[in-house]
Structure formats: structure tokens, C-alpha cells
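Right, one structure below, let's go through it.
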Amino acid sequence: MSDQNLTRSATPLWAALPFWMSLLLIPIVWVGAIQGGLWVLLPPVMTWYLFSALDAALGRNEVNADPQTPDIALFWYRLVTLIWAPLQFINLFGLIWYATHTAHLASLEKFGLFFGVGVMTGTIGINYSHELMHQRNRLERNLADLLLAMVLYSHFRSEHLLIHHRYVGTPRDPVSARYNEGFHRYYPRVLRESLRSAFHAERDMLARKSLPWTHPSNPFWRYWTLQLTMLVLAFALGGLSGLVLFAIQAGVAIWQLELTNYVEHYGLTRKHLGDGKYEHVLPRHSWNAAQTASNWLLINLQRHSDHHYKPDRRFPLLQTYAPEAAPQLPYGYPVMTMAAMIPPLWRRVMNRRVRDWRAQYYPEITDWTPYNRAETPLPR
């Protein structure tokens, strides 16, 4: 067989299998539902602590795949992201029905159970939706919308594609965490500003076509319809208790997403060139992490420097970078997001790294105050 045919044939399943470890969360959540007690804590224990331990044991994976590999060779990698949406749907609503029709779970156990469900729908579901929304075909984008509706965060697609990628590292991007901004200040700000900026972005696109925001092509109608459908289904299966449990997992999932967003760009800004112009997005404008196990769990999301540099590149092909090209996180996302919940610890770990990054890439900038306060001019 020629080298060209080898490149165009599907990668064997065993090569993609580590990225399928996310499926283990489904039976683990059900173990908690059936056993109750401390078993409901298994999902956060697995995603936060087990994968952190695996990162420590396995170290970093700095091997880069050929970025020109065609989609046909990525079948087994893509398949796990395609099947996750229906699997999550079945299990999320199956768990709502089960938890509201069983007598062995106390209220606190139900809360813990759906906290774990939120870890699953956030760590895996929203992350997979992120991969899917960046693709061009309708099936994958529809699956992304379905996953986001299950956590009541559908506007994330508009905000991410129209605002975040275009304006990352500038004052116009709500998601870019500012230097010295603790997560507890960042979180309410990003919840408020992301929804507003997403709606305004879609409204402005319609206005350029001389259409009102109420036009049926506004994706917010789709977002609201899907989210309402999810709420109605949760109520139909579990009544008011079903709605409360659904809301708990959605809140946890959103918190997980925004914790990750906080880590990905903390303190990193693009240089203002004057007159509202900023330098192009480069790998240096996102934190890179090459930890092996957490990249399996998060389908290479931690190779975030390359994702922003080449947003349409599928996750198996994302490249990792040396410290000379992109700033490096000291640990994978599970450890870093836990640290972000303790602002003094976070500042102790990260502020020095931000200052080193500034000295490395922008020694000519002597006053960082406007960047720290997001007071540089808005990008044109």
C-alpha cells in the first residue's frame, strides 16, 4: 500500500481509544445514582483528581500529528464527538426520571448526583460542543446546539464564534480574563457580558442585511426553542424536582466552562498598534498545556494556542508549542481550574508567569495599566 493510501485510510481505533475515556463517566454517574451516599462524588473525583494524578504519572505529550491529515483518516476520533450528544441526552433525562422516582436518594444525595452530572455535561458535553461548532457541516453544528441547550447556554456558540475568536485578548472579548482579576469577579462579569455581546453580534449581522433582530434567521430563536424544549422535558419527567435537578447540572456545567475560559487566556493580551488596530492572533495569546491524560479527557482543548491560531483544525491535529512560541501552564486544566477557585493561590502561581510572558514578547511596553484594566481602545 502506498504512503498516500495509508494517509487516507482511517486511523485504527486503538490510536483514538484514549480519547474515548470520556464515555466512562456515563456508568460512573449511574453508579452514584444507584448506590447513593458518597458514590455520587465519583464524577468530580474522576475528572479532577484521577486525571490530575494520571497527568503527574504520564507527563507531557509533545508529539504533533500531521496537520494535513484528511478527515477520512480521523473517523474514530470524530465518532466519539458525534455519539456523545445522543448519549448525553438519554442519560441526562434518564437520570432526571430515575432520581425523581426513587426513594433511596435523599435531597443532598440528589444534589451531589446532579453536581456530578453537571461535571459530565460541562467537562465533556460543552467541550465536545466546542469542537463540533467549529466544523462546517450541518450535522456537527446541530449536535453542538443540542449539547448547549442541555445546559441552557446556547448563546455560547454565537459568542464564541463571532466575538471570542475575533477579539480575543482585546477589551471587546468578555472571556479574556484580565491580569489580577480573580475568578469570583470574572464569573459574574462574563455571564453578563457574554450573553449581551452574543445577542448584539447576531443583531448587528442581521442589521447589515437590513433585517430586524426578530427575523427568523436569528439563531437566538433556535436557542430559545431548544432550551425551552429541554425545560419542558425535564418537567414532564420529574415535575418541579426535575426542573431543579436540571438547573443544578446546567449551573455546574456553565461554571466548569467559564472556569476553563478563565484559565485559557488569563492575563494575555494582544498588542494595541494604534487607532483601534491590534496585532493578529498568535499562539502566544493562549496558554498551552501538553499534559497527556487531561488532553485525552478534554480532546486536546489544552492545546489552546494552536486552536486559536487555526480554529477550524480538528482536535487530533492540534499542535503543541515549545515555550519559545507559546506560554505554558504548569499543570493541566483539572489542577489549574481548582487553583482558580482560590484567588491568592492562583495569583501566586500565574501572575509571575504573566509578567515573564510580557517581558519575553513585549519588552517595549513599559506601562501595562491600560491592558490590566481593559482600557485600551476597542478594536475596529
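The values are calculated or read from the model by the stated rules, or taken from the named source; none is laboratory data. Since this is a predicted model, take the numbers as computed values, not measurements. Note that each Cβ is placed from the backbone with ideal geometry, even for glycine, and that neighbours are counted across all protein chains shown. Surface areas here come from the heavy atoms of the whole protein model, side chains and all, with no ligands, DNA or RNA. Shrake-Rupley method; radii C 1.70, N 1.55, O 1.52, S 1.80 Å.
Which ranges mark the helices (runs of 4 or more DSSP H) fully within the stretch 211-325 that have 3 or more residues being modelled with pLDDT of 95 or more and open to solvent by 10 Å² or more (accessible area, probe 1.4 Å)? Quick ask: steps written out before the conclusion?
On the way: elements: 219-265, 292-297, 304-309.
Filter on the stretch 211-325 gives 219-265.
Please work out if residue 55 is open to solvent by 60 Å² or more (accessible area, probe 1.4 Å) and either out of contact with any strand residue (DSSP E or B) (no Cβ under 8 Å at 6 or more places or on another chain) or of a type in the set (Asp, Glu) (or both).
Spelling it out, it is not the case that residue 55 is open to solvent by 60 Å² or more (accessible area, probe 1.4 Å) and either out of contact with any strand residue (DSSP E or B) (no Cβ under 8 Å at 6 or more places or on another chain) or of a type in the set (Asp, Glu) (or both).
Of all residues in the stretch 132-171, which are of a type in the set (Lys, Arg) and more than 30 Å from residue 271 (Cβ to Cβ)?
Answer for the stretch 132-171, where residues must be of a type in the set (Lys, Arg) and more than 30 Å from residue 271 (Cβ to Cβ): 136, 138, 141.
Please verify whether the stretch 4-18 includes one or more residues that are under 22 Å from the mean Cα position of the chain (by Cα), among the hydrophobic types (A, V, I, L, M, F, W, C) and part of a helix (DSSP H, G or I). So that I can check it myself, show each step before the final result.
Step one: filter the stretch 4-18 for residues under 22 Å from the mean Cα position of the chain (by Cα), giving 16-18.
Filter once more, so that each one left must be among the hydrophobic types (A, V, I, L, M, F, W, C): 16-17.
Restricting the remaining residues to those that are part of a helix (DSSP H, G or I) gives 16-17.
The answer is yes; a qualifying residue exists.
Return the pairs, sorted by first residue and then second, in which the second residue is acidic (Asp, Glu), the first residue lies in the stretch 82-109 and is within 26 Å of residue 129 (Cα to Cα), the beta carbons are less than 8 Å apart, and the residues are 6+ apart or on different chains.
Within 8 Å, the pairs are 82/140.
Conditions: (1) of a type in the set (S, T, N, Q); (2) open to solvent by less than 60 Å² (accessible area, probe 1.4 Å); (3) more than 30 Å from residue 20 (Cα to Cα); (4) in a loop (DSSP other than H, G, I, E, B). Residue 366 meets all but one. Number of the miss?
Looking at each condition in turn, residue 366 falls short on (2).
Where residues in the stretch 339-380 are hydroxyl-bearing (Ser, Thr, Tyr) and in contact with a Lys or Arg (Cβ under 7 Å, 6 or more places away or on another chain), which of them is nearest to residue 282 (Cα to Cα)?
So the residue we want is 361.
Would you confirm whether any residue within the stretch 31-42 is at pLDDT 95 or above and closer than 23 Å to residue 332 by Cβ? Full working, then the answer.
First pass over the stretch 31-42, keeping only residues at pLDDT 95 or above: 31-42.
Pick out the ones that are also closer than 23 Å to residue 332 by Cβ and you get 41-42.
Yes, that holds for at least one residue.
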